[in-house]
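Okay, so here's the structure we're looking at.
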Amino acid sequence: MTVPKLALSENSEAALSKTRADVVVIGTLQGEDGLTLAAGSEAVNAAFDGKLADVLSTLGASGKAEETVKVPTLGKLSSGVVLAVGLGKPGTDGVISAEQVRRASGAAARALSGTAHAFSTLSAIDLHAAVEGTALGAYVFTEYRSEPGTAPLSKVDFATPAEGAAKDHRATLKAATLIAESVIIARDLINTPPNDLYPASFAERARKLAEANGLEFEVLDEKALKRKGFGGILGVGAGSSRQPRLVRVAYKGPKAVKKIALVGKGITFDSGGISIKPAANMDHMTSDMSGAAAVLASVVLAAKLKYPLEVVAHIPLAENMPSGTSYRPGDVLSMYGGKTVEVLNTDAEGRLVLADAIVRAGEENPDYLIETATLTGAQLVALGNRTAGVMGSDEFRDRVAAAAQSTGEGGWAMPLPEELRADLDSRLADLANVTNHRWGGMLAAGIFLREFVPAGLQWAHVDIAGPSFNTGGPWGYTGKGGTGVPVRTIAAVLADIAANG
Ligand code: BES
Ligand code: MN
Ligand code: ZN
C-alpha cells in the first residue's frame, strides 16, 4: 500500500478560502478550563469569527487525546468540514510533544477514511510528526479484499510551519514521507498471509526492493545453507515443505563512517513445530517475521535517506511446522560457527535462526549490531503489548532504548541477569535452547543470543513480540495488524550514529 500524496501549503485565511481540500484538520487541547485551540488553527478560527472553541465545546468536545469532532463550515471556508482532533493536555511547560502530534494526526487520518483530500494544520506544531502520523494513520491493507471498500485518503496538504526556511520544510516533508513509506513496507510484509509469504517468496520480495533501491542482494537457498553449515536455520525449517533461506541486503553510503549490521527474525509462520502451540490465536504467528520485515525496510530507508553509513541486513527465513521431517525436542543442532545447541522445545525457534544469522553478521566486523525479533511471549508478560524489551551491551542498549522512546514506538532497557546463563546448560551440547523454568523468559532468550555475539561488539536485541502486531483496536497512527515497529527506532539510531559515531 502507498502513502497519500503529501505536500506543503500556506496556512492563511486567503489560502483556506480557496483550498480544494474536502476537510481541514485542526488540533484541540485539553486546557485547565476546558477545550482550547492548538497552534495552526488561527486562520480557521478567524473564518469562524473566533468562535470555534465555543462551537466545539457546545458539541461536547474536551480536546482529550484522539477525540475527533466534525463541524460543517457552512461556506466559511471552501472546504465543507472542519475536523477537530484532540492532542490531549499540553506538558507542564505548555509544550506539545511530537508523539501527541503523531497520534492526533493518525486519529484524524483514520477519522477521514472515505475523504479524498485533506488539509492538516497540525504540521504548524510539528511538521515531521504530522506527516508521519497522517501517513501511518491513513494506512489500510486491502490487498486481500475482493471489494474496494471506502476510498483511502489520497492527498493531504500540510500547513507550512510559521518558523524556519522553506528549504528545511521541504527536506522535513521528504524525510518524514520516506520514513512512513518504509514503515508501510514492513506493515505490508507482516500483513501478507503465510500461504503467500514464505521464505522463498519473502526472499524474492527482498530482491525486488534491493534492486529498486540499488542495494547489494544475496540469498542462500537450502543447498547453500547446508553446504555452509547453517544448522539453526535448517533445523527450524526442516518440518516445512517451504525451504528456508538466508538473505543479505546491503547499503554502502557515500563516505560511510560506521558499519551497522541488522538482523531480523523471519519465521514466516510459527506453529511451534513438534512442541506445537495451542490453537487459540495461532493465526497471530503470521507476524513472526516482523523483525525481518523491519530490518529489510530499514536498510531500504537508509539508502533512501542516503545515510553516510554502511548498513547490512541479515534475514534468516524459515517456516516452523510439525511433520515427519521436523526437528525434534532432543535433537542437537550444529550451528553456523560450530557451537552445538540441544533443542528442548521446538517453539523456541527464533533464537536458533537468529544465532546463525548473528554469527554470519559478526564475520563482517560491524561496529554495531541491532537485532530484532518477535522472540518471546514473556516480553508481553513483562512489558505489555506496546513496549519493546531492549537488551544487549549496556551502552548501546540504552542508546537504542532512548531512540525507541523518542520515536514514540516505545522500548525499555532490560537486564541480562548473569545467573540465567547456567540455566541454559545442556546435558550434552554447548547450550540448550530453553531454560528448565519459565522465569525471565525474555531475558533468558537474550542470554542465549549473547552466546553468538562477537565479544566486545556493541549490540542491541529488541524483543518486539507485542509491539510488532496490533491484535486490538486501532489507536493513534496504529491500525490493526502489522505496526512496522521498530523501523522508526532503527532509523533514529542510524541517524544518531551518522551524526555522532
Ligand atoms: N514467536 C514466538 C513468540 C511470540 C509469542 C511472539 C506471542 C508474539 C506473540 C516464539 O517463537 C515462541 O514461541 N517463544 C516461546 C519460547 C518458549 C518456548 C521458551 C514462548 O515465548 O512461549
Ligand atoms: Mn515459537
Ligand atoms: Zn516464533
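The values are calculated or read from the model by the stated rules, or taken from the named source; none is laboratory data. If you're wondering where the values come from, they're calculated on a predicted model, not measured in any experiment. Positions of Cβ are generated from backbone atoms using ideal geometry, with glycine treated the same way; all protein chains shown enter the neighbour counts. The area values use the complete protein model at the heavy-atom level, side chains included, leaving out ligands, DNA and RNA. Shrake-Rupley method; radii C 1.70, N 1.55, O 1.52, S 1.80 Å.
Counting only residues that are at pLDDT below 95 and of a type in the set (Lys, Arg), region 225-264 holds 1 of them.
Being more than 16 Å from ligand 2 (Cβ to nearest atom), open to solvent by 60 Å² or more (accessible area, probe 1.4 Å) and aliphatic (A, V, I, L, M) is not true of VAL359.
Only residues that are within 16 Å of ligand 1 (Cβ to nearest atom) and not basic (Lys, Arg): list them for region 239-268, please. Those that are within 16 Å of ligand 1 (Cβ to nearest atom) and not basic (Lys, Arg): GLY239, SER240, PRO244, VAL263, GLY264, GLY266, ILE267, THR268.
The sole residue among ARG427, ARG421, ARG397 that is away from ligand 3 (no atom under 16 Å from the Cβ), over 22 Å from the mean Cα position of the chain (by Cα), among the basic types (Lys, Arg) and part of a helix (DSSP H, G or I) is ARG421. Can you find a residue that is within 26 Å of ILE497 (Cα to Cα) and assigned to a loop (DSSP other than H, G, I, E, B) anywhere in region 229-252? No, that holds for no residue. Among the residues making up region 278-310, those that are among the aliphatic types (A, V, I, L, M) and within 16 Å of ligand 1 (Cβ to nearest atom) are ALA279, ALA280, MET282, MET285, MET289, ALA292, ALA293, ALA294.
Evaluate the following for TRP412: is it over 27 Å from GLN100 (Cβ atoms) and open to solvent by 30 Å² or more (accessible area, probe 1.4 Å)? So TRP412 does not fit the description; no. Could you list, in sequence order, all residues of region 101-120 that are open to solvent by less than 10 Å² (accessible area, probe 1.4 Å) and part of a loop (DSSP other than H, G, I, E, B)? Scanning region 101-120 gives a single hit, LEU112.
Among the residues making up region 87-131, a single one is among the acidic types (Asp, Glu) and modelled with pLDDT under 95: ASP93. Here is a check on your reading of the model: is ILE267 open to solvent by 40 Å² or more (accessible area, probe 1.4 Å) and modelled with pLDDT of 95 or more? Answer is no for this residue. Among residues of region 254-269 that are in the same structural domain as GLU371 (by TED's automatic domain parsing) and in a loop (DSSP other than H, G, I, E, B), none has a beta-carbon under 6 Å from a residue that is open to solvent by 10 Å² or more (accessible area, probe 1.4 Å) and within 15 Å of ligand 1 (Cβ to nearest atom) at least six positions away or on a different chain.
Just to check your reading of the model, which residue among LEU424, LEU420, LEU443, LEU449 is among the aliphatic types (A, V, I, L, M), in the same structural domain as THR286 (by TED's automatic domain parsing), touching a strand residue (DSSP E or B) at 6+ places or on another chain (Cβ under 6 Å) and away from ligand 2 (no atom under 16 Å from the Cβ)?
LEU424
Among the residues making up region 381-394, those that are part of a helix (DSSP H, G or I) and touching a strand residue (DSSP E or B) at 6+ places or on another chain (Cβ under 9 Å) are ALA382, LEU383, ASP394.
Checking each residue in region 131-157 for being under 17 Å from ILE184 (Cβ atoms) and surrounded by 23 or more Cβ atoms within 10 Å (Cβ to Cβ) picks out VAL131, GLU132, GLY133, THR134, ALA135, LEU136, GLY137, ALA138, TYR139, LEU153, VAL156. Just so you know, in region 344-388 the residues that are away from ligand 3 (no atom under 14 Å from the Cβ) and β-branched (Val, Ile, Thr) include one that is farthest from the chain's Cα centre (by Cα), and it is VAL359.
So in region 439-489, with the set limited to residues that are surrounded by 23 or more Cβ atoms within 10 Å (Cβ to Cβ) and of a type in the set (D, E, K, R), which one is farthest from the chain's Cα centre (by Cα)? Checked region 439-489; the qualifying residue farthest from the chain's Cα centre (by Cα) is ASP463.
Filter region 303-315 down to the residues that are part of a strand (DSSP E or B) and of a type outside the set (Val, Ile, Thr), then identify the one that is surrounded by the fewest Cβ atoms within 10 Å (Cβ to Cβ). Let's see the steps before the verdict.
Filtering region 303-315 down to residues part of a strand (DSSP E or B) leaves 310-315.
After this cut, where a residue has to be of a type outside the set (Val, Ile, Thr) as well, the list is 310, 313-314.
Values: GLU310: 19, ALA313: 30, HIS314: 30.
Only one residue tops the list, namely GLU310.
Within region 189-216, the set of residues being open to solvent by 40 Å² or more (accessible area, probe 1.4 Å) and within 27 Å of GLY338 (Cβ to Cβ) comprises just one member, GLU216. All conditions but one from (1) part of a helix (DSSP H, G or I); (2) in the same structural domain as GLU42 (by TED's automatic domain parsing); (3) of a type outside the set (Ser, Thr, Tyr) apply to ALA171; the one that does not is (2). The set of residues from region 428-438 being open to solvent by 30 Å² or more (accessible area, probe 1.4 Å) and more than 16 Å from ligand 2 (Cβ to nearest atom) comprises LEU428, ASP430, ASN436, HIS437. Quick check: is even one residue across region 272-283 assigned by TED's automatic domain parsing to the domain that holds LEU344, away from ligand 2 (no atom under 16 Å from the Cβ) and open to solvent by 10 Å² or more (accessible area, probe 1.4 Å)? No, because not a single residue in region 272-283 is assigned by TED's automatic domain parsing to the domain that holds LEU344, away from ligand 2 (no atom under 16 Å from the Cβ) and open to solvent by 10 Å² or more (accessible area, probe 1.4 Å).
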